[in-house]
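For reference, the structure is listed below as structure tokens.
The values are calculated or read from the model by the stated rules, or taken from the named source; none is laboratory data. Because the structure is predicted, anything quoted here is derived from the model rather than measured. Please note: Cβ atoms are built from the backbone with ideal geometry, for glycine as well, and neighbour counts cover all protein chains shown. Surface accessibility is based on the protein's heavy atoms, side chains included, excluding ligands, DNA and RNA. Shrake-Rupley method; radii C 1.70, N 1.55, O 1.52, S 1.80 Å.
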Amino acid sequence: MSSDERRPARRRPRPITPPWLPPGPLKDLKDLLHSLYLQAEAPTMEQIAAATARLADELAEEWRCPVDEIDELIGAAPKKDAVNRILRDDDVPPSEQDVVAVAVALARMATDRHDLRVLVDQVRGVWRRAQAAPPARRLGRPVSACDPLTLEVHRAMEVDGAPLDPLPLYVPRAHDARLRDVTDAAVAGASRIVTLVGGSSTGKTRAAWEAVQTLPKQWRLWHPIDPGRSQAIAQDLTEVGPFTVIWLNEAQHYLMPADAALAERIAAGLRTLLTDPARGPVLVIGTIWPEHWRLLTAAPAPPLEDVYAQARALLTGTEIPVPDRFETADLDALRRQATEDPRLAGAVEHAEQGQVTQYLAGAPALLERYRTAPAPARALIEAAMDARRLGHGPALPISLLEAAAVGYLTDSQWDLLGEDWLEQALAYTAAPCHGARGPLTRIRPRPGDPAPAESTYRLADYLEQHGRQIRDSVCAPTAFWEACRTHTRPVELFRIRTTLVVRCAADPSRIVDRDLAIALLEEALSGPQVPTDEVLTRAALGLMLFLRAVPVPLRQDDDVTAMMDFITAFVEGQFNTPARRDDRDRAMEHLQWLIEHDSPRSSTRWSAQQIVMGLQMVAEYEAGGPGQTGTVHLPRPMLRRAAAALVKARNAPRPARQRDT
């Protein structure tokens with residue numbers, strides 16, 4: 001056997017199919033070109049391009065005329081891509097000469113001989129009529145030109161500082177393989193209908209979008225929505241041609257309109273389309289909730305009227321269930337993808353019970369629900385945000401939320417509240433967002449679990465994260481802290497006090513109500529549980545007492561002016577009162593304890609030493625200085641210089657906090 005005999009035969013490319021077009025000059029042109037293509041035994045695009053490249057010289061010799069005359073007739077030889085567009089695309093080719101060149105090249109390659117001069121005149125005439133005719137109307141637009149968001153794929157959550165595509169990376173699941181089988185059959189030439197059945201935000205529409213991305217270039221997508229969904233599909237269904245995807249997202253809007261006769265006409269029209277070989281292949285993709293699916297496909301019991309008989313015949317056997325959660329294998333794939341998309345990483349961490357798609361789709365809706373919430377609902381949500389960021393556990397007592405919400409409402413908002421404001425606000429926050437839990441929802445005890453003393457509520461995870469970002473520098477109102485003291489369990493109050501300690505020590509300017517902060521810190525030291533960091537707790541308490549006794553200006557817009565006012569009040573004895581002296585003594589007690597027990601290299605100990613020195617100077621000044629008379633007046637230039645020096649000293653960098661190991 002020779003090497004040629006052993007070499008496998010090269011597979012011949014599948015012949016191209018002409019674009020589907022309605023009757024008219026453009027269809028005549030494309031049909032003429034396709035007929036010549038088949039007569040030439042379906043050459044490749046490369047072979048056609050090569051034939052057009054030789055055409056000028058060969059025709060000049062055969063017709064015994066100058067090459068220039070041939071060039072005027074057929075122009076430059078079109079390349080492979082141009083040939084492909086001339087034969088496949090559903091629009092008028094821009095160059096008459098290119099079309100003539102392709103037609104003549106195909107005619108010369110055909111087994112049947114053509115009068116080329118007659119053919120040239122024929123192609124020119126058809127092309128010019130197509131060029132002059134109004135554009136042929138074809139429903140839809142190329143799949144590649146469609147926007148998934150306009151097709152109602154849910155926009156995913158956003159991540160601060162990360163420029164990401166509108167849709168997250170896709171993780172295929174078992175139903176995607178079944179869906180791919182349907183699209184493959186359509187590509188092979190069979191008209192098909194498929195219905196993705198699942199609850200809200202389970203990924204039905206996204207799965208459909210990913211499926212149509214595999215369709216060849218000539219496929220178009222028609223999303224009938226104007227003037228209404230059922231009216232649009234009923235009006236134009238007869239104009240659907242081959243290679244068209246009919247996009248029926250929320251299929252109940254098309255198949256269950258108020259007019260039962262219209263519903264049956266639409267379903268019957270779709271059945272007719274799917275069985276008409278002259279108009280195929282087409283692909284009908286629908287999505288629907290399970291409750292609507294049951295209504296459309298279940299036969300009614302007599303004597304009820306069977307109003308969905310056509311829809312049942314259309315849909316039965318077309319369903320692909322879409323699960324509402326990711327299975328173990330899906331979650332493993334998700335974790336692998338999460339390294340490339342922070343939104344998936346967030347879903348891995350926060351999605352409840354594998355409900356990944358609901359988490360991704362629900363986040364934008366949660367933000368919108370929060371930003372547009374009525375004042376009482378917004379107050380509850382922000383009280384919950386502050387409770388979570390300041391240390392409370394996820395189960396938030398309703399009494400805490402109700403009492404704290406008062407501090408998030410203005411006087412006018414509070415006065416305008418109805419008697420049932422709390423019930424209305426909770427109803428607003430409990431409504432689900434695209435299948436995910438609402439902003440603030442009740443935690444329902446499971447059978448057998450101990451019932452809590454009162455109802456508890458949970459803040460949605462995404463809003464909790466959002467709250468930690470947007471409210472990090474916001475001071476919780478006094479009503480919030482008072483509510484924590486009254487309506488939280490000891491373990492929760494302990495965590496909140498611990499957070500307060502850190503905030504008081506880190507930035508006392510963020511503490512609006514120093515009296516309440518001091519009370520909470522003193523309760524933390526005197527309570528049954530020892531503070532997690534007693535040194536830091538005493539530092540925070542000493543600092544708060546010191547600032548209440550000697551209200552040194554913190555960082556403000558006009559530091560020097562504020563410091564001048566402070567110095568004036570100090571030398572005039574305005575701070576020398578029994579209550580302030582008691583605060584100074586208590587501050588000294590806590591700070592002296594800190595100096596004795598903290599590490600010698602600690603920046604907290606260094607700060608405590610500076611405050612103690614200041615308190616001692618204040619005490620010495622008031623014991624023998626003129627401040628008690630209230631008659632001391634400093635010249636303003638001297639006062640400004642002193643204030644500037646104190647501001648500079650106050651803002652000087654301090655040693656970093658260190659701990660002995």
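Side notes on the structure shown:
- Residues that are closer than 19 Å to Q358 by Cα, open to solvent by less than 50 Å² (accessible area, probe 1.4 Å) and either of a type in the set (G, A, S) or assigned to a helix (DSSP H, G or I) (or both) within region 295-336 comprise D330, L331, A333, L334, listed in sequence order.
- Residues located in region 403-429, provided they are free of Cβ contacts under 8 Å to residues at least 40 places away in the same chain and either among the acidic types (D, E) or in contact with a strand residue (DSSP E or B) (Cβ under 6 Å, 6 or more places away or on another chain) (or both): D411, D415, E419, D420, E423
- Residue ID - nearest to the chain's Cα centre (by Cα), chosen from residues in region 252-274 that are under 26 Å from T214 (Cα atoms) and modelled with pLDDT of 95 or more: L270
- Members of region 338-359 that are open to solvent by 20 Å² or more (accessible area, probe 1.4 Å) and either within 22 Å of V406 (Cβ to Cβ) or assigned to a helix (DSSP H, G or I) (or both): P342, A345, V348, E349, H350, E352, Q353, T357, Y359
- Any hit, region 44-63, residues being part of a loop (DSSP other than H, G, I, E, B) and under 28 Å from G241 (Cβ atoms): yes
- Any chance I193 is within 20 Å of D181 (Cα to Cα) and not hydroxyl-bearing (S, T, Y): yes
- Within region 442-472, the set of residues being under 22 Å from A373 (Cα atoms), open to solvent by 60 Å² or more (accessible area, probe 1.4 Å) and not in a helix (DSSP H, G or I) comprises R442, I443, R458, D472.
- Leading residue by the ranking (surrounded by the most Cβ atoms within 10 Å (Cβ to Cβ)) among those in region 216-270 that are of a type in the set (F, W, Y) and closer than 26 Å to T17 by Cβ: W247
- Any hit, region 177-186, residues being part of a loop (DSSP other than H, G, I, E, B) and either touching a helix residue (DSSP H, G or I) at 6+ places or on another chain (Cβ under 8 Å) or closer than 27 Å to A263 by Cβ (or both): no
- Meets criteria (open to solvent by 70 Å² or more (accessible area, probe 1.4 Å), touching a residue at least 12 places away in the same chain (Cβ under 8 Å) and either closer than 19 Å to T456 by Cβ or out of contact with any helix residue (DSSP H, G or I) (no Cβ under 9 Å at 6 or more places or on another chain) (or both)) for P394: yes
- The set of residues from region 42-64 being at pLDDT 90 or above and not small (G, A, S) comprises P43, T44, M45, E46, Q47, I48.
- From the options L367, L417, residue that is over 24 Å from E492 (Cβ atoms), in a loop (DSSP other than H, G, I, E, B) and not charged (D, E, K, R): L417
- Contacts under 6 angstrom Cβ, first residue in region 17-39 being farther than 13 Å from R138 by Cβ, partner not in a helix (DSSP H, G or I), 6 or more apart: P25/A133; H34/P18; Q39/A110; Q39/D112
- For A373, the stated conditions hold: it is within 30 Å of the chain's Cα centre (by Cα), assigned to a loop (DSSP other than H, G, I, E, B) and over 27 Å from R489 (Cβ atoms).
- When residues in region 137-155 are screened for being closer than 19 Å to Q218 by Cα, modelled with pLDDT under 85 and open to solvent by 50 Å² or more (accessible area, probe 1.4 Å), 1 of them pass.
- The listed residue being closer than 18 Å to Y37 by Cβ, open to solvent by less than 30 Å² (accessible area, probe 1.4 Å) and either modelled with pLDDT under 90 or part of a helix (DSSP H, G or I) (or both), out of A103, A77: A103
- The requirement of being buried (at least 20 other Cβ atoms within 10 Å of the Cβ) and touching a residue at least 12 places away in the same chain (Cβ under 8 Å) is not satisfied by A133.
- Restricting attention to region 561-588, the residues that are of a type outside the set (G, A, S), in contact with a Leu (Cβ under 7 Å, 6 or more places away or on another chain) and at pLDDT 80 or above add up to 4.
- Long-range neighbours under 6 Å by Cβ, at least six apart or interchain, first residue outside any loop (DSSP other than H, G, I, E, B) within region 144-159, second crowded, with 19+ Cβ neighbours inside 10 Å and modelled with pLDDT of 90 or more: none
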